[in-house]
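Notes follow once the structure below has been shown.
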Amino acid sequence: MGFGSSPAEFPQGRISHGRDSFGPSLKLLADALSMPLDDLSATGEFAVATRSVEIAAGTIGAGTVAAQRISVNGVRSGREVLVFRATWFCTEDIEPSWPLLSTGWRIAVEGDAPLEVDLRFPITLDQMAATTPSYTANRAVNAVPVVCEAPPGIAASVDLPPILPVLS
């Protein structure tokens, strides 16, 4: 199911891929918070365009898929305690209406000390393709010296010292 097609049931393969892709990081975060997970679950859903929208790849017609999201849920003692949600969209004019940022990430903490943080990219949309790969690559590149100095074997990022950039 792609953008601009009629909505249908979210493909189970895509849900499984989301769970397998984002689940290990969620488990690692839970372990670092001293709240290991018992299980992971995942769901996927579509939203449709409320009006026809022109994008670089063509037209997304009203009533066709204009957004999708996958939620990977960390379960502990039968309760969802951590949720990672990836949302991809081609327009903000969607139904159902989801809370969207024009760019960036949202972090929300519920509980005794609730917190919500929006991290936006301070660049124009036409700069996105040239800029956003660095948001993913910089951590891996900066990890090279730390990983090379680590003892042999498999280590998670929480097992390593802080990974900091070397700025010149």
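Each reported figure results from applying straightforward, stated rules to the coordinates on display, with no laboratory input. Not measured: the values here are computed from a predicted model. A quick note on method: Cβ atoms are made from the backbone with ideal geometry, for glycine too, and the neighbour counts reach across all protein chains shown.
Around Ala47, with a cut-off of 12 angstrom between Cβ atoms, what is the net charge of the other residues, counting Lys and Arg +1 and Asp and Glu -1? Provide the component values of the computation, followed by the final result.
Numbers: positive: Arg69; negative: Glu45, Glu92, Asp93, Glu95.
Computed value for this residue: -3.
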Among Val48, Val75, Val158, which comes first, second and so on when ranked by fewest other beta-carbon atoms within 10 Å? Val158, Val75, Val48
P(r) of region 82-168 in 5 Å steps, Cα pairs, percent per bin? 2, 9, 15, 15, 17, 16, 13, 8, 3, 1, 0
Angle between the chain longest axis and helix 133-149 axis [Cα atoms, degrees, rounded to 10]: 20
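Could you list Ile154, Ile107, Ile70 so that the one with the fewest beta carbons within 10 Å of its beta carbon is first and the one with the most is last? Intermediate results must be reported in sequence, preceding the final value.
Values: Ile154 6, Ile107 9, Ile70 21.
Going from sparsest to densest Cβ surroundings: Ile154, Ile107, Ile70.
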Just to confirm the number: angle between the C-alpha axis of helix 12-32 and the first principal axis of the chain, 0 to 90 degrees, nearest 10? 30
Could you give the size of the charge dipole of region 33-168 about its Cα centre, using +1 on the Cβ of each K and R and -1 on the Cβ of each D and E, expressed in debye and rounded to the nearest 20? 180
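Counting only GluC sites (Glu not before Pro) that are in a DSSP loop and have at most 10 other C-beta atoms within 10 Å, tell me the longest site-free stretch of the chain. Before the final figure, lay out each step's value.
Numbers: sites that count: Glu9, Glu110.
By the stated rule (loop sites, at most 10 other Cβ atoms within 10 Å), 10-109.
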Would you work out which of Pro11, Ala62, Gly23 lies farthest towards the positive end of the dipole of region 1-100, given +1 charges on the beta-carbon of Lys and Arg and -1 on that of Asp and Glu, about the Cα centre? Gly23
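To two decimal places, what compactness ratio does the chain give when its Cα radius of gyration is scaled by 2.2 N^0.38 Å? Mind showing how you got there, number by number?
Details: Rg = 18.8 Å, N = 168, 2.2 N^0.38 = 15.4 Å.
Here the Cα radius of gyration is 1.22 times the empirical estimate.
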Summed over the other residues with a beta carbon less than 10 angstrom from that of Asp38, with K and R at +1 and D and E at -1, the charge totals +1
Summed residue charge, Cβ within 10 Å of Glu116's Cβ, Lys/Arg positive, Asp/Glu negative: -1
Of Asp20, Asp126, Asp39, the most mobile residue in a GNM of the chain (C-alpha springs, cutoff 10 Å) is Asp126
